[in-house]
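All remarks here apply to the structure that follows.
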Amino acid sequence: MSVPPPVGVDLDVGDELELDIGPVAHGGVCVARADGRVVFVRYALPGERAVVRVTEARPGSFCRGEAIRVVRADPRRVVPPCAHFGPGGCGGCDFQHARADLQRELKAAVVREQLRRLAGIDMPVIVESLPGDGFGWRSRVRWAVGRSVPGTGISEYDAVLGPRRYRSHEVVPISAARPCLIAAPGLTEAADALDLPPSADEVVLTRRAGADPAVAYLSGGRRVAGSSVDRADSDYGATILTERAYDRSFSVADTGFWQAHESAATVLCGAVDDALAHVDLWGGAAWDLYGGVGLFAAMLADLVGPEGSVLSVESDRAASDLAATNLADLPQARTVSTRVDRFLRSAADEAPGRVGAVVLDPPRSGAGLAVCRGMARRWPTVIVYVACDPAALARDAATLAGVGYRLAALRAFDAFPQTHHVECVASFTAV
């Protein structure tokens, strides 16, 4: 959303205003204006009128606020079922107050607006649903440990576990009585029963079929030695879990990356496969950049066949080693552990010859200028971009347009129900 220079009324934290709510913006908020002053409002919907309490006020800039009372409601507004959702609450969900179809419309509007504003691309966007009812989908949670909760009577010696409040370091305590509703069944119960070690500041819990959840205790992003209820059975001190997608099993570290929604990996594989359907890759070469544990590389290996070649590039050494294990039955696939931008600078030596297709699944920050240019230098027939942030996708789409690739097709998926996040699969072809 393009925001004009701030003018008009001065606002302070705690001020309450009755405002007409404008369009949705990236980040799970809607845009309202108070005498020209932009206010990004949570817990509201476009077209509503609401009483908004200011939560952040920046002199000479925009403000943030929360809708504390709705005067005129959208007919698809619903009562949020989670005890932690609402003003002053958890930052994990953004749209529990909207019906599922409206949530997808809001996300589609954000994707379309980001593409239009940042890349000059105007194309229709439909966000597709994934299996499930929008709750209990998150198979892995990473919750913070808090040592006290102001105003609750919990002392600094009593640890609590849960997500953080919106734009705060304060922890929202999760318990069986007040569970996280997007967490997969069993995760809240497991969290409730944990004996948290004093040094832990985060806990990762992962659902496992037919077994207790896997638990990893972290301090400063590193596993706390000897504190996990699971045995660390890899060279990297991580418990190795088995995930399934694309009719294959994949070994994944318990603190490594895997799609959170239990259906997302399979759905995204299908979307990438569809995006490559018009390209004859048999006997050719393909790259899987930011390849993780080899999910898309396995699919590409089937498309290039035994005489072709697939290269998976991943900077995380543990994930790259697991990819090598996961792809061991596919001799046409190999792995390289290095940063993608570094690989592309030396790609002529590392992987000479023409590349028929590139699949990339970059982090939320996107691929960036160097990676986009490096891919384009090999002139693949198609680039398939899996994106978890529409703004990053739009920025990279603009860069790719500048080096000869146009956005040919896009699919979007509601892989994070109740939140503002959306997963996209975009295919780019040479102009």
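The values are calculated or read from the model by the stated rules, or taken from the named source; none is laboratory data. Predicted model only: the values in this text are computed from it and were never measured. Ideal geometry is used to build each Cβ from the backbone, glycine not excepted, and the neighbour counts take in all protein chains shown. Accessible surface areas use protein heavy atoms only, side chains included; no ligands, DNA or RNA. Shrake-Rupley method; radii C 1.70, N 1.55, O 1.52, S 1.80 Å.
Scanning the stretch 107-128 for residues that are open to solvent by 10 Å² or more (accessible area, probe 1.4 Å) and within 30 Å of residue 171 (Cα to Cα) turns up just one, 110. All but one of (1) closer than 30 Å to residue 79 by Cα; (2) modelled with pLDDT under 95 hold for residue 431, so report the exception by its number. It fails just one condition, (1).
The combined condition, being within 18 Å of residue 391 (Cβ to Cβ), assigned to a strand (DSSP E or B) and over 25 Å from the mean Cα position of the chain (by Cα), is not fulfilled by residue 24.
For residue 359, are the conditions met, namely being modelled with pLDDT of 95 or more, closer than 20 Å to residue 381 by Cβ and in contact with a Pro (Cβ under 8 Å, 6 or more places away or on another chain)? Against the criterion (modelled with pLDDT of 95 or more, closer than 20 Å to residue 381 by Cβ and in contact with a Pro (Cβ under 8 Å, 6 or more places away or on another chain)), residue 359 does not qualify. Pairing each residue of the stretch 163-192 that is in contact (Cβ under 8 Å) with a residue 60 or more places away in the chain and at negative phi with any residue that is of a type in the set (A, V, I, L, M, F, W, C) and open to solvent by 40 Å² or more (accessible area, probe 1.4 Å), provided the two are 6+ apart or on different chains, yields C-beta distances under 8 Å for 178/83; 181/135; 182/135. Across the stretch 58-70, the qualifying residues are those that are modelled with pLDDT of 95 or more and charged (D, E, K, R), and the one among them that is farthest from the chain's Cα centre (by Cα) is 69.
Entry remark, the stretch 343-391: residues being part of a helix (DSSP H, G or I) and either β-branched (Val, Ile, Thr) or open to solvent by 50 Å² or more (accessible area, probe 1.4 Å) (or both) number 8 in total.
Would you say residue 55 is at pLDDT below 95, polar (S, T, N, Q) and under 29 Å from residue 12 (Cα atoms)? No, not satisfied. Here the condition is being among the charged types (D, E, K, R), over 21 Å from the mean Cα position of the chain (by Cα) and open to solvent by 30 Å² or more (accessible area, probe 1.4 Å); of 274, 316, it holds for 274 alone. Close contacts from the stretch 1-27, counting a first residue that is farther than 19 Å from residue 47 by Cα and of a type in the set (Val, Ile, Thr) and a second that is modelled with pLDDT of 80 or more and surrounded by 17 or more Cβ atoms within 10 Å (Cβ to Cβ), with Cβ to Cβ under 7 Å and a gap of 6+ residues or different chains, come to 7/37; 9/34; 9/37; 13/54; 13/55; 13/57.
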